[in-house]
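Quick note: the coordinates plus some simple rules give every number you see, no bench work behind them. Keep in mind the model is a prediction, meaning the values are calculated, not measured. We place every Cβ from the backbone using ideal geometry, glycine too, and count neighbours over all the protein chains shown.
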Amino acid sequence: MSIDEAKINPVPWRKCEDLNRYAIATNVPVTLDGKTVIADRVVKTACPHNCYDTCGLLVYVKDEKVIKIEGDPDHPITQGTLCLKAMANVQKINSPDRVKYPMLRVGERGEGKFKRISWEEAMDYMVSKIRTIIDTYGSEAIMEYGYSGNREYMAKAVSARLWNLLGATKLVGSFCVLSGISGSQCSVGSQNTMVPDIWADNAEVIMMVGLNPTATHPHVFPYLYRAMERGAKLIVVDPCVTGVASKAHIHLRPRPGTDGAMALGMIRWIIKNDLHDKEYIRNHTVGFEGLKELVEPWTPEYTEEITTIPKEQIIEAARLYATHKSHMSCGCGQQRYSNGHQVQRALASLAAVCGHIGKEYGTYEFVNNLGFPGFEGFMQTANVAVPKGARIKKTRMVNISTVATAMLNADPPIKGIISWRGGLISQQPYVDYTLEAVKQLDMFVVIEQFMTDDTDWADLVLPGCHFLEQYGLHTSYWHHYNQTLVPVCQPYYEAVPDLEIFEELGRRLGFEEYFPRTRIGLDYIRMLVGMNTDVDAATSPRGPALVDEKWSPSIPYKDGKFNTPSGKFEFYSSVMEERGKQFPGDYYPLPHFVEPEESVRATPELAAKYPLCIVSQHPSYRCHSQFYNLPWIQEIEGPAKIHINAKDAEARGIKDGDKVRIFNDRGELKNILAAVSIIVKPGVVELNSGMWVKLGGSVNVLTSLSQGGPRDTLKEKGIMTEYNALYDGNTTGYFNTLVQVEKMQEVTER
Ligand code: SF4
């Protein structure tokens with residue numbers, strides 16, 4: 001089928017390719033609603049949602065519209081199964097509510113009133129605004145905001161190319177995982193995960209910490225069940241009763257933010273009972289004596305007092321973990337507290353004390369570095385982000401976990417932001433504070449697929465592409481396969497691939513030579529994958545391509561060597577010690593425990609007003625704030641619900657199904673449905689993350705600005721001239737949040 005460019009490409013300056021080149025089959029019959037239709041083509045691609053699994057997809061296209069999505073049965077890990085999120089992309093890409101054209105604000109910010117303009121006018125607007133801001137405040141007054149809305153990395157490297165050429169402020173860090181990575185990196189060096197077949201077939205005990213795979217990692221279940229059918233025991237550490245916790249032999253439910261204390265208590269008991277692996281400790285670790293001293297106060301009684309886990313359970317779990325062939329897999333929940341880095345170090349130390357690292361049956365794992373390109377080796381982000389021959393200015397950096405603080409305090413100020421693949425307003429903590437930061441901008445451009453919280457506050461909204469309409473390079477932070485995303489269909493309406501928006505903006509800002517019109521997404525992907533890889537295999541649309549053992553070993557740390565300064569596992573981290581001399585923060589070299597910044601023990605006066613710790617699980621049917629607006633998802637998920645323990649509910653006269661108000665000094669949520677539930681323990685409430693502010697259920701109206709990670713970038717006002725994501729990394733301390741809950745009826749009667 002030849003393409004009719006005028007019909008399918010309403011944006012004159014953008015490229016238009018014949019996408020039939022990516023078809024793996026053509027004229028394929030598909031049954032939809034009981035009728036057979038013939039899809040023009042089937043294309044293989046991958047799911048780039050922020051999720052461990054990075055599933056292989058087969059997408060059916062007819063008349064340049066997506067009509068069906070199914071799992072790729074040839075994907076070695078995900079094997080043809082998908083979650084509802086991936087399948088709901090049929091409704092998402094075809095939604096009549098998509099942003100169809102560039103839209104310029106005509107009302108006040110926040111009113112959500114816009115008029116349609118052309119892409120030419122939109123480009124002129126951005127170029128003129130950026131030039132004015134740079135003339136007035138300098139190039140560092142411009143910044144992008146973006147995160148994992150589409151977690152592929154190619155377009156991000158291209159946008160970085162533009163910001164580097166322009167001399168803009170750089171956005172660095174993460175607000176979800178880097179505190180754990182910094183703690184883990186200081187302990188084991190490189191972060192790698194084990195090929196799951198190995199632990200599934202050999203581990204006797206599997207310990208999952210802060211991981212809710214029902215929502216974020218469903219393809220781990222076949223491996224877990226395989227292990228359990230063999231007789232392996234499962235220990236789950238999570239304050240909430242999750243799907244996987246309900247399958248556990250031991251479910252440890254720490255008071256939120258005390259997982260590190262739990263690990264120290266387990267380590268002490270293991271050492272006191274002579275169950276530690278002395279040979280492993282002697283040959284492969286440093287700092288054991290310091291650790292032994294550190295854990296001395298953590299008796300089972302004291303550990304119970306701090307964590308609220310019954311001491312018998314702590315002992316049972318410690319015995320089981322230490323005396324069997326054990327594998328530990330850590331999620332992200334445990335490190336979303338101000339002490340997140342030390343929690344991660346304590347967990348890694350528990351594995352090292354028992355010698356359960358790099359074994360034929362299991363290891364300690366947190367994330368696979370390949371999921372975070374640029375960390376090392378495999379993906380060469382600089383090949384794209386730093387164009388050869390260009391003069392690149394060293395500019396300041398803003399940490400994404402403290403972005404609103406930086407926006408409110410930067411000097412020279414941040415005046416222009418282009419936001420894409422991220423919800424600045426809905427995903428950052430403390431919504432009112434973020435809005436104050438947004439209000440002082442001179443230019444807020446949002447590239448989006450739907451009218452979200454961010455677009456309501458934008459000056460210009462650009463129609464962004466769905467991931468199925470664009471190229472991408474995607475790696476998993478769990479499995480070892482690298483995937484190339486190809487556009488399966490032409491962009492709908494006037495949507496433009498993110499890559500091409502930044503290229504065209506770059507050309508119009510005077511950097512034509514760095515954004516040649518002949519280049520397509522695959523060319524950038526080849527630049528990223530670099531010289532050390534079989535480029536054709538890695539970038540093949542028929543992928544996925546297994547990444548070489550060099551970058552992603554099947555059994556990480558197998559030789560007992562770690563790329564830490566000592567070459568050993570570091571209970572005592574020399575990196576922490578050194579960086580602590582340079583930067584503010586908790587760089588204590590041993591994995592000591594400190595209370596989360598906002599908690600019943602750290603802030604008892606605040607807790608007297610707001611006695612409940614609120615935590616948020618990722619929902620199974622959404623990826624952060626995506627999908628919330630889709631009818632399929634709303635039908636299943638229903639309105640926002642807060643889980644509250646029966647004791648706490650009774651004390652407040654709240655019954656299941658009542659409407660409640662949740663509040664603290666930062667804000668309030670009204671008319672949230674109470675789910676009186678055993679999924680949380682007394683003193684804890686749970687409200688799913690990612691709901692939209694304007695639809696009434698965003699937990700970030702309440703969440704604290706505090707951050708996890710060793711480096712206190714709040715003290716630096718979020719602005720840095722030097723930053724090492726591996727060692728200084730941050731996470732927003734979303735769960736360091738205390739609230740009160742009351743029945744709505746009582747509010748209205750006052
Ligand atoms: S969201 Fe995760 S589990 Fe669902 S299809 Fe995408 S990668 Fe797979």
Spherically averaged projected area of the stretch 3-93 from its Cα convex hull (nm²): 7.1 nm²
Gain on full stretching of the segment that runs from Q634 to T721 - 0.36 nm per residue minus C-alpha separation: 27.0 nm
Residue pairs, from the table K129/K715; K609/K655; K641/K681; K659/K681, whose Cα atoms sit over 24 Å apart: K129/K715
Rounded, prolate or oblate (a/c below 1.5 giving rounded, otherwise prolate when a/b exceeds b/c) for the stretch 392-461 by Cα gyration tensor: prolate
Antiparallel content of DSSP bridges confined to the chain, in %, to 5: 55 percent
Options V236, Y572, G149, ranked by Cα towards positive dipole end of the chain, top entry (Cβ charges): G149
Hydrodynamic radius (Kirkwood) for the chain, which is based on Cα pairs only, to one decimal in Å: 26.5 Å
Options I314, M126, T603, ranked by Cα towards positive dipole end of the chain, top entry (Cβ charges): M126
The stretch 228-333, Cα convex hull volume normalised per residue, Å³: 116 Å³
Part-to-part distance (alpha-carbon centres) for the stretch 243-306 and the stretch 325-353, which is given in Å: 10 Å
P(r), alpha carbons of the stretch 604-749 - 10 Å bins starting at zero, rounded %: 11, 37, 32, 15, 5, 0
Descending Cα extents along the principal axes, the stretch 674-750, whole Å: 53, 27, 21
Relative exposure of I130, I357, judged by other C-beta atoms within 10 Å (fewest first): I130, I357
Loop-resident sites, the stretch 61-138, for GluC sites (Glu not before Pro), counting at most 13 other Cβ within 10 Å (DSSP): E108, E111
DSSP-defined antiparallel bridges as percent of all bridges, the stretch 604-749, nearest 5: 70 percent
Rounded tilt (10° steps) of 178-188 against the dominant C-alpha axis of the chain: 50 degrees
Order of R396, R508 - criterion: other Cβ atoms within 10 Å of each residue's Cβ, fewest first: R508, R396
The stretch 111-200, Rg to Rh (Cα coordinates; Rh as Kirkwood inverse mean 1/r): 1.15
Principal-axis tilt of helix 498-508 within the chain, Cα atoms, nearest 10 degrees: 60 degrees
Simple spin-label estimate for R131 and I117 in nanometres, 7 Å along Cα-Cβ: 1.4 nm
Ellipsoid semi-axes in whole angstrom, largest first, where each is sqrt(5λ) of the Cα gyration tensor of the stretch 348-465: 36, 21, 16
For the stretch 88-140, alpha-carbon Rg over 2.2 N^0.38 Å: 1.54
Cβ-based exposure ranking for D548, D456, D97, in which fewest neighbours within 10 Å come first: D97, D548, D456
Acute angle (nearest 10 degrees) that the helix 84-93 long axis makes with the longest principal axis of the chain, alpha-carbon atoms: 20 degrees
Helix-derived mean residue ellipticity, 222 nm - over the chain, DSSP H n ≥ 4, -39500 (n - 2.57), to 500: -8500 deg cm²/dmol
Amide hydrogen neighbours beyond the local backbone of M379, cut-off 5 Å, H modeled: G374
Alpha-carbon centroid distance for the pair the stretch 487-522 / the stretch 103-136, whole angstrom: 19 Å
